[in-house]
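Written below as structure tokens is the structure these notes are about.
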Amino acid sequence: MKISSSFRSVAVAAIATAGVGFASAAHADSGTISFAVYKAAFFVGGSGGDGTLTFHGRKYPISIGGVSGGLAFGVSKTYFHGTVRHIRRASDVTGVYGAAGGGGAVGKGAQVIVMTNDKGAQLELSGRQVGLQVNADLSGMAITVK
């Protein structure tokens, strides 16, 4: 059976393209992230904080900012720690992360959240919340690597 040269060229190109796609996915890496966020809300809320990204043995300072809207009131501080996945360099963590959720704390409470930014960086965070905070809202959080 004879295979035409054009068919062979298309097949080789398809295999090469798939190989590049798998190679770029294989180069994605992960790191750890820790930060504290202060949040105050009365229907519309704001949050801010700072922390550290650890990636390839280096520590990068980060800043956090955000807004929320919906049923939310109170004041709280949450300490988050977790993993950031699907990044190739520290700057991939920079971006806007969105989440819809709910929770609450009187005194101490726990939170778990998974969020993704437009670059594909995925945060898997667990946190410990202190303060009085009740929410059923849409939240956005921006992270900047300094």
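Listed values, structure above:
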{"item": "Matching entry among Gly66, Gly74, Gly46 (being closer than 21 Å to Thr116 by Cα and crowded, with 17+ Cβ neighbours inside 10 Å)", "result": "Gly66"}
{"item": "Filter pass, Val96 being under 10 Å from the mean Cα position of the chain (by Cα) and modelled with pLDDT of 85 or more", "result": "yes"}
{"item": "Residue list for segment 62-84, filter: farther than 20 Å from Gly120 by Cα and not hydrophobic (A, V, I, L, M, F, W, C)", "result": "Ser68, Gly69, Gly70, Gly74, Ser76, Lys77, Thr78, Tyr79"}
{"item": "Single match in Lys59, Lys39 (criterion: under 21 Å from Val114 (Cβ atoms), among the charged types (D, E, K, R), at pLDDT 70 or above and part of a strand (DSSP E or B))", "result": "Lys39"}
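The values are calculated or read from the model by the stated rules, or taken from the named source; none is laboratory data. Because the structure is predicted, anything quoted here is derived from the model rather than measured. A quick note on method: Cβ atoms are made from the backbone with ideal geometry, for glycine too, and the neighbour counts reach across all protein chains shown.
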